[in-house]
Amino acid sequence: MSDRSYRFTHAVTRRPSASIIRGLRAVDTGNPDLALMQRHHADYIAALKAAGAEVIELEALDAYPDSVFVEDTALCLPQGAVIMRPGAPSRLGEAAEMAPVLERLYSTVRRIEGEDSFIEGGDILVTEREILVGRSARTNAEGVAELARLVADWGHKVRELHTPPGVLHFKTDCSLMDAETVLSTDRLAASGCFRDYRVIPVAAGEEASANAIRFNDSLLFPAGFPRTRDRLVDAGYAVTEIGNSECAKIDGGMSCLSLRFTPS
Ligand code: CIR
C-alpha cells in the first residue's frame with residue numbers, strides 16, 4: 001500500500017489574528033477566545049513537528065479574519081501547488097497572500113483564475129488514486145472543472161461530488177486515514193461517495209470529529225470526541241488530541257489549519 005497521500009515533509013500554518021472574532025460562521029455560538037485559540041494553535045504546531053514536519057509559521061493577517069485557515073487557499077500536490085479562488089468574498093485575498101510562500105517552496109505553482117471559478121481547499125480530499133472535490137456554497141462547478149484541467153497533465157483524476165447541504169466543506173465531514181481508509185460522517189458516506197474505500201464512521205453525535213488529519217504516522221484529532229477516538233485507536237492509528245473549541249465556533253477544524261506537502 002502506498003503512503004504518498006499522507007507522508008509529507010512540510011506544513012504551512014498562519015497565526016490567528018485578533019480579528020478572528022469576525023470570522024465567518026454558519027451559526028453564532030459566541031466569539032473565539034484568542035488566547036485559548038493561540039494555545040490550541042501552538043499545540044497543533046507542536047504535534048505537526050512531532051510527526052516530522054518542518055513547519056513554516058506565517059504571521060497573522062489582521063485584514064483577513066479567517067486567514068488562520070490556510071488550507072482553503074491552495075492545493076498542494078507532489079508535482080506542484082494550485083492557488084485556489086475562495087468562494088467567500090472576504091477570503092478571496094487570502095489566496096494571493098499564500099502564492100509567494102508556495103512559490104518559494106515549489107518550482108511549479110498554478111492558479112485558479114476564471115472569474116466565475118470558485119474553489120476552496122476544504123472541499124478537496126486527495127487520496128492515493130484520485131482527487132475528490134465536493135461542490136458546496138464555496139466551490140462551484142467552474143472551479144472544479146478548472147482544477148481538473150490544471151492537474152490533468154500531472155496525472156490526477158478529479159471526481160466531482162456534492163458536499164451535503166448545510167455542511168461548510170466536503171472535508172468538514174470526512175478525512176483521509178490511509179490509502180484505503182476514510183473517516184466519515186454517516187450523512188456523507190450515505191451518498192455512496194466512499195463506496196471504493198474502507199469507511200470508519202464517526203460515532204453518532206460526534207459529527208464534528210470527522211475533520212482530522214493524517215500526517216506521517218500521526219493522526220491529529222480534535223479533543224472531546226471519545227467514542228470516535230476509541231474507534232480510531234482500536235483501528236491502530238496513533239491519535240494525538242488537540243483542543244479545537246475555539247476554531248469550532250467559526251466552523252474550523254484540524255485540516256483547515258495547515259497545508260501539508262513535500263515541496264518539488
Ligand atoms: C470559513 O467560514 O471560511 C471559516 N470560518 C472556516 C473555514 C474552515 N476551513 C476548512 O474547513 N478548510
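Remarks
- Distance histogram in 5 Å bins (all Cα pairs of the range 212-261, percent per bin): 5, 21, 30, 24, 15, 6, 0
- Computed [θ] at 222 nm, deg cm²/dmol, the chain (DSSP H ≥ 4; -39,500 (n - 2.57); rounded to nearest 500): -6500 deg cm²/dmol
- A 1.4 Å probe run over the protein chains yields, for the chain, 41 Å² of accessible area per residue, whole-number rounding.
- Cα gyration tensor, the range 10-88 - rounded (a/c under 1.5), prolate or oblate: oblate
- Rough spin-label spacing in nm, given labels placed 7 Å along Cα→Cβ, for ASP116 and ARG22: 3.2
- Placing R0 at 22 angstrom, the Cβ-Cβ distance between GLN38 and ALA223 gives a FRET efficiency of 0.85 after rounding to 0.05.
- Over the range 10-261, the Kirkwood radius and the radius of gyration, each from Cα atoms, give a ratio Rg/Rh of 0.92.
- The range 125-246: antiparallel DSSP beta bridges as a percent of all, rounded to 5: 40
- Neighbour count of at most 15 Cβ within 10 Å plus DSSP loop: longest GluC sites (Glu not before Pro)-free window in the chain: 181-264
- Taken along the Cα-to-beta-carbon direction at a fixed 7 Å, the label points for ALA238 and ASP196 span 3.0 nm.
- Magnitude of the charge dipole for the chain, about its Cα centre and with charges confined to Cβ atoms of Lys, Arg (+1) and Asp, Glu (-1), is about 260 debye.
- All lysines inside 28 Å of LYS249 as judged from Cα atoms, apart from same-chain residues fewer than 8 positions distant: LYS49, LYS171
- Placing unit charges on each Cβ (+1 for Lys and Arg, -1 for Asp and Glu) gives the chain a dipole about its Cα centre, and among LEU24, ILE112, GLY155 the Cα reaching farthest toward its positive end belongs to GLY155.
- The string of couplings for the range 39-50 from the Karplus curve (6.51, -1.76, 1.60, θ = phi - 60°) is 5, 4, 5, 5, 5, 5, 5, 4, 5, 5, 5, 4 Hz, one whole number per residue in order, with x for Gly and Pro.
- If the Kirkwood radius is taken over C-alpha pairs of the range 119-264, then at 10 °C and 1.306 mPa s the Stokes-Einstein diffusion coefficient equals 102 µm²/s.
The values are calculated or read from the model by the stated rules, or taken from the named source; none is laboratory data. From a predicted model like this one, the values you see are computed outputs, not experimental measurements. Counting neighbours? That spans all protein chains shown, and the Cβs are built from the backbone with ideal geometry, glycine included. Ligands, DNA and RNA are stripped out before the accessible areas are found, and what is left, the full protein with its side chains, is counted by its heavy atoms. Shrake-Rupley method; radii C 1.70, N 1.55, O 1.52, S 1.80 Å.
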